[in-house]
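Chemist: Please read through the structure below; I'll follow up with questions.
The values are calculated or read from the model by the stated rules, or taken from the named source; none is laboratory data. Note that this is a predicted model, so its numbers are computed, not measured. All Cβ positions, even for glycine, are placed from backbone atoms using ideal geometry, and neighbour counts span all protein chains on display. Note: areas computed on protein heavy atoms with side chains; ligands, DNA, RNA excluded. Shrake-Rupley method; radii C 1.70, N 1.55, O 1.52, S 1.80 Å.
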Amino acid sequence: MAKSIVSVFFFLLLVLSIDSGSLLKLANGQGKTWCVAKPSADAAALASNIDYACNYLGLKGQNCSQILPEGTCFDPDTLINHASYAMNSYYQAYGRQPHQCYFTDSALISISDPSYGNCQYA
Ligand SMILES: *[C@@H]1O[C@H](CO)[C@@H](O)[C@H](O)[C@H]1NC(C)=O
């Protein structure tokens with residue numbers, strides 16, 4: 001008798017802990033990840049990543065217009081900011097696999113949404 005009460009208690013504890021885990025995932029955007037530029041990446045790599053990512057986005061009917069002067073992600077006007085936006089758009093559009101956020105070791109997977117102000121990351 002006492003033994004089965006203890007088992008029920010542990011079963012409930014297990015169910016509750018699984019549930020709070022999934023709630024945590026929901027709060028985090030269901031485990032979504034983003035791709036951003038490595039702060040240590042050099043300018044040439046970032047510039048070529050922008051070209052590459054934006055070209056491939058075009059093949060999916062998307063574009064990098066948000067990092068052009070009229071776009072919502074143009075400011076701050078830095079290579080690292082523009083490259084992060086472009087690489088993330090590519091990463092989201094092509095299936096969010098780790099190798100799609102490698103860019104010859106100049107990118108990082110982020111577990112938090114890099115969006116800021118009016119600049120929305122996909
Ligand atoms: C870029 O994509 C946006 C959103 O899909 C679209 O509204 C816009 O017309 C596109 N711009 C160009 C230059 O294709």
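Chemist: In whole Å, how far is the Cα centre of segment 78-120 from that of segment 33-64?
Modeler: 7 Å
Chemist: Using a/c under 1.5 as the rounded threshold, could you call segment 42-99 rounded, prolate or oblate? The axes a ≥ b ≥ c are square roots of the C-alpha gyration tensor eigenvalues, and prolate needs a/b larger than b/c, oblate otherwise.
Modeler: Oblate, since a/c reaches 1.5 and b/c is not below a/b.
Chemist: Quantify, in whole percent, the carbon and sulfur part of the accessible surface of segment 21-110 (1.4 Å probe; protein heavy atoms only). If you can, show how the numbers build up before the last one.
Modeler: Numbers: 2790 of 5050 Å².
Carbon and sulfur together cover 55 percent of it.
Chemist: Please give the contour-minus-distance gain from Ser110 to Ala43: 0.36 nm per residue of separation, less the Cα-Cα distance, rounded to one decimal in nm.
Modeler: Values: separation 67, 0.36 × 67 = 24.12 nm, distance 2.04 nm.
My answer for the length gained is 22.1 nm.
Chemist: Can you give me the distance in nm between label points at Thr72 and Asp51, each placed 7 Å from the Cα along the Cα-to-Cβ direction?
Modeler: Going by the 7 Å Cα→Cβ label model, 2.9 nm.
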